[in-house]
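One structure is given here, and the rest of the page talks about it.
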């Protein structure tokens, strides 16, 4: 839960306490049988699942998208957790660009050297044949 901000944690606590208070109120007012308890549990799990998706997973997904785009606020908990990862990724991208340029240059140079070596071999083969005559 390190990447969830304080407001989301607060809303989660409020929802848990409200659900608990509602359950206690319903239990005190009505006589609850097993079916009612199981129904309440199913409804509670449904509400909790919706709440998790709405208040935790959706903001976490938005935060990850903003992090990958470089638009996350500097004070966000996810930004502080991933600061080293982000700096390593930026350094890796810079290194990739450098290597891409030098790799193209090296490939062209290697092709030129290979062509020159082939031409030299052909010349030497021709000279050996001429000398053998």
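Structure notes:
- Residue check for residue 63: in contact with a helix residue (DSSP H, G or I) (Cβ under 6 Å, 6 or more places away or on another chain), in a helix (DSSP H, G or I), assigned by TED's automatic domain parsing to the domain that holds residue 5 and closer than 24 Å to residue 7 by Cβ: yes
- Beta carbons closer than 8 Å, at least 6 apart along the sequence or on distinct chains, pair a first residue in segment 8-20 that is surrounded by 12 or more Cβ atoms within 10 Å (Cβ to Cβ) with a second that is not in a helix (DSSP H, G or I) for 9/1.
- When each of 73, 58 is tested for being closer than 17 Å to residue 6 by Cα and outside any helix (DSSP H, G or I), the lone residue that passes is 73.
- Of all residues in segment 114-133, those that are assigned to a helix (DSSP H, G or I) and either surrounded by fewer than 10 Cβ atoms within 10 Å (Cβ to Cβ) or in contact (Cβ under 8 Å) with a residue 40 or more places away in the chain (or both) total 5.
- Selected residue (criterion: modelled with the lowest pLDDT) from residues of segment 27-48 that are surrounded by 12 or more Cβ atoms within 10 Å (Cβ to Cβ) and either in a helix (DSSP H, G or I) or not assigned by TED's automatic domain parsing to the domain that holds residue 9 (or both): 37
The values are calculated or read from the model by the stated rules, or taken from the named source; none is laboratory data. Remember, predicted model here, so these are calculated numbers, not experimental data. Reconstructed Cβ throughout: ideal geometry from the backbone, glycine too, with neighbour counts over all protein chains shown.
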